[in-house]
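Have a look at the structure below before the remarks.
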Amino acid sequence: MTAARGARGGSRASVGALVAALIAVAGCAEGPGAEPTMAGAAPATSAAASVNEIASRPRPEATVTPVSAVPAVAAGTPSAPPPKATTLPLARAGSSDPVDVALAAGDAATEKGDLGAAAESYATARKLAPKRAEPRVGVARTQIAKLDLAMDYGVAKGNAGVQAAAKELAAAARSDASCGAAQVELGRALLLLGDAPAALASLRKGVELLGGEAEAHSALGVALLATGDKSGALREMQQSSTLDPGSAPRHGNLGTVFFMLGRVPDAVHEYRAQVALAADDPRAHADLGTALLAQNDFTAAMPELQRAIALDPTRATFRSNLGYALQLEGKIDLAIAAYREALRLDPQLASAWINLATALAKDPKRRGEARQALETARKIDPTDPRVKANLDELDALGKP
């Protein structure tokens, strides 16, 4: 039977889930993980970066440094540059103008996740310069951030708050055609609203204006991935990582795109860089472990999967990943125990129910339990094609 593939930190089966999976390095809270699909049982891989759009018109190819040229170095060493801020700056660098001082305070607060202070600073800047685009952008992006939405494509369709913020961002972009941050933030808002073509157009303009900003390229990469353009997403994520080589999440996002393209050795390379830069991030170890499993390197994968659990013992997907590895090694009883622990932590984790069924089905006496597990998975997600495929296989196993 075919086990379900896991997800980075939650469930990544659809494009919408994928969006949250790649964790937009833009500073949004951790979202559900994407589910890269591998043969056999499916680990809940934390491998995923933030994703969201489509390529609507051609653009010049970006020149990027080959991934192999980006060294995987340990954080804190002289060769590891500090990661860059993930908040697109709205203040003019080095300006002592009161408006820019307020904008700089808002940018700093946004980077720290202090949305209350950010909103206050941006509001101050807007009072001082109501016609400038940057204060309007700051106010609008803070309004969206305060909604605490999962960063999934189309998740905010019909949301009045996001619609109002998008309208304000569009006005800011029209008022100052040189404001790249307005274009990027507008593109992100449009993605939440489900308008992929318009979102991509804005993000492309943002990248043209902010070509040296890693976050602009990352936002465009997320959009391209969400709308199915994996090659375009790869180009943008490579550029983002090249511009910000000291950022662990950017290496992780790039690794996820490689993984989705089937370029597993390249994914492993990037995930190793991610782990080196963020040794205490459980998702980094889960990503690397999952990619190593895809290479059938159980010896190297197991310590990474176990490390992820040690760092975050309450994450159900990590337990399911471990179960998948144990199942591949033929340790079925231990795999079943791991799947059951994952389901104790999260009874709604459909991939764990599917994986549990594939393990139970190996014993003819437990195929009734396997069917029950699959029926539970179907109730959780009636649209998951893996459930029907496994039920069909289970029926075939029962035929003389």
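The values are calculated or read from the model by the stated rules, or taken from the named source; none is laboratory data. Being a predicted model, the structure only gives us computed values, none of them experimental. Cβ placement follows ideal geometry from the backbone for every residue including glycine, while neighbour counts extend to all protein chains displayed.
Part of a loop (DSSP other than H, G, I, E, B) and either polar (S, T, N, Q) or in contact with an Asp or Glu (Cβ under 8 Å, 6 or more places away or on another chain) (or both): is that true of Leu103 in this structure? Against the criterion (part of a loop (DSSP other than H, G, I, E, B) and either polar (S, T, N, Q) or in contact with an Asp or Glu (Cβ under 8 Å, 6 or more places away or on another chain) (or both)), Leu103 does not qualify. The residue that is surrounded by the most Cβ atoms within 10 Å (Cβ to Cβ), among those in region 381-400 that are of a type in the set (Asp, Glu) and under 13 Å from Ser351 (Cα atoms), is Asp384. From Val257, Val264, grab the single residue that is over 14 Å from the mean Cα position of the chain (by Cα) and of a type outside the set (Lys, Arg). Within the list Val257, Val264, the selection yields Val264.
Look through region 353-369, keep the residues that are part of a helix (DSSP H, G or I) and over 31 Å from the mean Cα position of the chain (by Cα), and return whichever of them is surrounded by the most Cβ atoms within 10 Å (Cβ to Cβ).
Taking region 353-369 first, the residues part of a helix (DSSP H, G or I) are 353-360, 364-369.
This time we only want the ones that are over 31 Å from the mean Cα position of the chain (by Cα), so: 360, 364-369.
Values: Leu360: 24, Pro364: 9, Lys365: 7, Arg366: 15, Arg367: 18, Gly368: 12, Glu369: 16.
Selected residue: Leu360.
In the set (1) over 18 Å from Leu334 (Cβ atoms); (2) assigned to a helix (DSSP H, G or I); (3) not polar (S, T, N, Q), the condition left unmet by Ala279 is number (2). Is it the case that Gly368 is free of Cβ contacts under 8 Å to residues at least 12 places away in the same chain and at positive phi? No: the conditions fail for Gly368.
Listed by first and then second residue, the pairs with beta-carbon distance under 8 Å, at least 6 apart or on different chains, first residue in region 338-353 and free of Cβ contacts under 8 Å to residues at least 60 places away in the same chain and among the hydrophobic types (A, V, I, L, M, F, W, C), second outside any helix (DSSP H, G or I) and surrounded by fewer than 17 Cβ atoms within 10 Å (Cβ to Cβ), are Leu345/Thr314. Residues of region 360-380 that are closer than 17 Å to Ala350 by Cα and among the charged types (D, E, K, R): Glu369, Arg371, Glu375, Arg378, Lys379.
Inspect all residues belonging to region 261-272 and state whether any of them is closer than 19 Å to Ala85 by Cβ and either in a helix (DSSP H, G or I) or in contact with a helix residue (DSSP H, G or I) (Cβ under 9 Å, 6 or more places away or on another chain) (or both).
Taking region 261-272 as the starting set, the residues that turn out to be closer than 19 Å to Ala85 by Cβ are none.
Among the residues of region 261-272, not one is closer than 19 Å to Ala85 by Cβ and either in a helix (DSSP H, G or I) or in contact with a helix residue (DSSP H, G or I) (Cβ under 9 Å, 6 or more places away or on another chain) (or both), which makes the answer no.
Among the residues of region 318-352, the ones that are part of a helix (DSSP H, G or I) and of a type in the set (D, E, K, R) come to 5 in all.
Could you list, in sequence order, all residues of region 123-134 that are in a helix (DSSP H, G or I) and farther than 21 Å from Lys84 by Cβ? Steps first, please.
Taking region 123-134 as the starting set, the residues that turn out to be in a helix (DSSP H, G or I) are 123-128, 133-134.
If the condition is that a residue be in a helix (DSSP H, G or I) and farther than 21 Å from Lys84 by Cβ, then Ala123, Thr124, Ala125, Arg126, Lys127, Leu128, Ala133 are the ones that fit.
Determine which member of the set Thr290, Thr314, Thr299 is among the hydroxyl-bearing types (Ser, Thr, Tyr), buried (at least 17 other Cβ atoms within 10 Å of the Cβ) and either farther than 25 Å from Asp384 by Cβ or touching a helix residue (DSSP H, G or I) at 6+ places or on another chain (Cβ under 8 Å) (or both).
Numbers: Thr314 fails: buried (at least 17 other Cβ atoms within 10 Å of the Cβ); Thr299 fails: buried (at least 17 other Cβ atoms within 10 Å of the Cβ).
Only one candidate qualifies: Thr290.
If you take the residues of region 139-188 that are part of a helix (DSSP H, G or I), aliphatic (A, V, I, L, M) and surrounded by fewer than 19 Cβ atoms within 10 Å (Cβ to Cβ), which of them is farthest from the chain's Cα centre (by Cα)?
Taking region 139-188 as the starting set, the residues that turn out to be part of a helix (DSSP H, G or I) are 139-146, 160-175, 180-188.
When the remaining residues are screened for being aliphatic (A, V, I, L, M), the result is 139-140, 144-145, 160, 162, 164-166, 169-173, 181-182, 184, 186.
So of that shortlist, the ones also surrounded by fewer than 19 Cβ atoms within 10 Å (Cβ to Cβ) come out as 160, 164, 170-171.
On the way: Ala160: 25, Ala164: 26, Ala170: 26, Ala171: 29 Å.
Within region 139-188, the match that is farthest from the chain's Cα centre (by Cα) is Ala171.
What about Thr290, is it assigned to a loop (DSSP other than H, G, I, E, B) and either of a type in the set (Val, Ile, Thr) or in contact (Cβ under 8 Å) with a residue 60 or more places away in the chain (or both)?
Against the criterion (assigned to a loop (DSSP other than H, G, I, E, B) and either of a type in the set (Val, Ile, Thr) or in contact (Cβ under 8 Å) with a residue 60 or more places away in the chain (or both)), Thr290 does not qualify.
Results for (1) of a type outside the set (Gly, Ala, Ser); (2) touching an Asp or Glu at 6+ places or on another chain (Cβ under 9 Å), shown as yes or no for each residue.
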site	(1), (2)
Glu185	yes, no
Leu192	yes, yes
Ala196	no, yes
Arg204	yes, no
Gly211	no, no
Glu215	yes, yes
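Of all residues in region 205-256, those that are of a type in the set (D, E, K, R), surrounded by fewer than 24 Cβ atoms within 10 Å (Cβ to Cβ) and part of a helix (DSSP H, G or I) total 4.
Scanning region 84-114 for residues that are crowded, with 17+ Cβ neighbours inside 10 Å, modelled with pLDDT of 95 or more and touching a helix residue (DSSP H, G or I) at 6+ places or on another chain (Cβ under 7 Å) gives Thr87, Leu88, Pro89, Leu90, Ala91, Val99, Ala102, Leu103, Ala105, Gly106, Ala109, Thr110.
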